[in-house]
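> Before I ask anything, here is the structure I am working with.
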Amino acid sequence: MRSRAVAVLACLVTVAGCSGGGGGDDRSGREILDEANKTMSGLTSVTVEGTSTNPDGKSFTGRITTDLHSRCTSKTTWSWNKAALEQIRIGKTDYVRPNRAYIEWWSDKPMSGPQNTWFKTPTSKAEPGDGLAACPRGFSSFGKAKRGEPTVVDGEAAIAVIVTDKSVRTGKYTFYVATEGKPYLLKVVYKGTDFHTTTTYSAFNKPLDVKPPTKVLDTEALGLS
C-alpha cells in the first residue's frame with residue numbers, strides 16, 4: 001500500500017500540463033498542454049501539493065517546494081497512522097526528519113519519547129516508496145487530450161483539459177491551466193477506481209531559500225548508512 005501510494009502521488013506531482021484561452025481561442029487540448037508544459041519547465045521554483053485517497057478512505061498528502069533541479073523541501077503525511085516525514089534536499093545530501101509514528105511504522109518497533117531529530121544522509125540511499133521526494137519535476141504531455149470548459153481555480157480563470165491514456169485504464173486526468181497571464185498549470189485531478197488524487201501548483205518563481213538544519217545527526221559518520 002505505502003509504496004504504491006507514494007508512487008501514484010509521485011507520478012501525479014511530476015505530471016505536466018495545460019494552458020487555455022478565452023474568446024476566440026480555438027487551440028486543441030494537445031496544443032494547450034504543450035504550451036503549459038513549456039511554461040512550467042521554465043520555472044525557477046514551484047510548490048506542488050497533492051492528496052491521494054484510496055477506496056478505503058485512507059489518504060496521504062505530499063507537499064514539495066523545489067527549484068526543479070537539486071534544491072527542495074518536502075513533507076509527506078499519512079492519515080491512517082499519523083506518520084510524517086520532512087525532508088530538505090540540497091544537491092546530493094538529504095536532511096530527513098521522521099516523526100515518531102513514521103519510525104514505528106517502518107521499524108515495526110515501539111519508540112519512547114518525542115522525535116525531533118534531523119538526520120543527514122546521502123541521496124543515493126533514498127529508495128522508492130520511502131516517502132522521500134526528488135527535486136526535478138518533469139513536464140511532458142501524454143495520452144489523448146480533449147479540451148474542456150472554462151472554469152475558475154482558486155479565483156483564477158482557467159480551462160480544463162481531460163486526458164485519457166491507454167496505460168491508465170482505471171481512470172482519467174483533468175488538468176486546469178490559467179487563461180490569464182502565463183499559462184501555468186494550476187491543478188490536476190485524477191479520478192479512478194484505484195485512487196482519487198488532487199494536485200495543485202502555486203508559488204511560481206518565488207524566491208527559494210533552502211538551507212540545512214542547524215543540528216543534525218550524520219548517519220554516515222555514525223555508521224548507520
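Each row is one residue, and each column tells you yes or no for (1) of a type in the set (F, W, Y); (2) under 30 Å from H69 (Cα atoms); (3) without any contact (Cβ under 8 Å) to a residue 24 or more places away in the chain.
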{"residue": "M111", "(1), (2), (3)": "no, no, yes"}
{"residue": "T117", "(1), (2), (3)": "no, yes, no"}
{"residue": "L132", "(1), (2), (3)": "no, yes, no"}
{"residue": "E156", "(1), (2), (3)": "no, yes, no"}
{"residue": "T164", "(1), (2), (3)": "no, yes, yes"}
{"residue": "V168", "(1), (2), (3)": "no, yes, no"}
{"residue": "Y173", "(1), (2), (3)": "yes, yes, no"}
{"residue": "Y176", "(1), (2), (3)": "yes, yes, no"}
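> Go through (1) closer than 16 Å to K120 by Cα; (2) in contact with a Pro (Cβ under 8 Å, 6 or more places away or on another chain); (3) surrounded by fewer than 17 Cβ atoms within 10 Å (Cβ to Cβ); (4) not acidic (D, E) one by one and return the number of the condition H69 breaks.
Here H69 clears every test but (1).
> List the number of the failed condition for D165; all other conditions in (1) open to solvent by less than 50 Å² (accessible area, probe 1.4 Å); (2) within 23 Å of R27 (Cα to Cα); (3) under 18 Å from the mean Cα position of the chain (by Cα) hold.
Checking D165 against (1) open to solvent by less than 50 Å² (accessible area, probe 1.4 Å); (2) within 23 Å of R27 (Cα to Cα); (3) under 18 Å from the mean Cα position of the chain (by Cα), the one that fails is (3).
> Kindly provide the set of residues from segment 99-146 that are within 29 Å of K187 (Cβ to Cβ), open to solvent by less than 50 Å² (accessible area, probe 1.4 Å), assigned to a strand (DSSP E or B) and out of contact with any helix residue (DSSP H, G or I) (no Cβ under 7 Å at 6 or more places or on another chain), ordered by number.
none
> Looking at E149, is it open to solvent by 100 Å² or more (accessible area, probe 1.4 Å) and either at pLDDT 95 or above or in contact with a Lys or Arg (Cβ under 7 Å, 6 or more places away or on another chain) (or both)?
Against the criterion (open to solvent by 100 Å² or more (accessible area, probe 1.4 Å) and either at pLDDT 95 or above or in contact with a Lys or Arg (Cβ under 7 Å, 6 or more places away or on another chain) (or both)), E149 qualifies.
> Okay, moving on. Of everything in segment 187-205 that's among the small types (G, A, S) and part of a strand (DSSP E or B), which residue is modelled with the highest pLDDT?
S202
> If you scan segment 203-217, which residues turn out to be surrounded by 12 or more Cβ atoms within 10 Å (Cβ to Cβ) and either within 19 Å of the chain's Cα centre (by Cα) or closer than 10 Å to S45 by Cα (or both)?
Once the filter is applied, which keeps residues that are surrounded by 12 or more Cβ atoms within 10 Å (Cβ to Cβ) and either within 19 Å of the chain's Cα centre (by Cα) or closer than 10 Å to S45 by Cα (or both), segment 203-217 yields A203, F204, N205, K206, L208, V210.
> Among the residues of segment 27-51, what is the count of those that are under 21 Å from the mean Cα position of the chain (by Cα), open to solvent by less than 50 Å² (accessible area, probe 1.4 Å) and either modelled with pLDDT under 95 or not hydroxyl-bearing (S, T, Y) (or both)?
Selection size over segment 27-51: 8.
> Identify the single condition in (1) exposed (fewer than 12 other Cβ atoms within 10 Å of the Cβ); (2) closer than 25 Å to N37 by Cα; (3) not small (G, A, S) that K191 does not satisfy, given that it satisfies every other one.
Single failed check for K191: (1).
The values are calculated or read from the model by the stated rules, or taken from the named source; none is laboratory data. Note that the coordinates shown come from a computational prediction; the quantities given were computed from them, not determined experimentally. No Cβ is skipped: glycine too gets one built from the backbone with ideal geometry, and neighbour counts run over all protein chains shown. Surface accessibility is based on the protein's heavy atoms, side chains included, excluding ligands, DNA and RNA. Shrake-Rupley method; radii C 1.70, N 1.55, O 1.52, S 1.80 Å.
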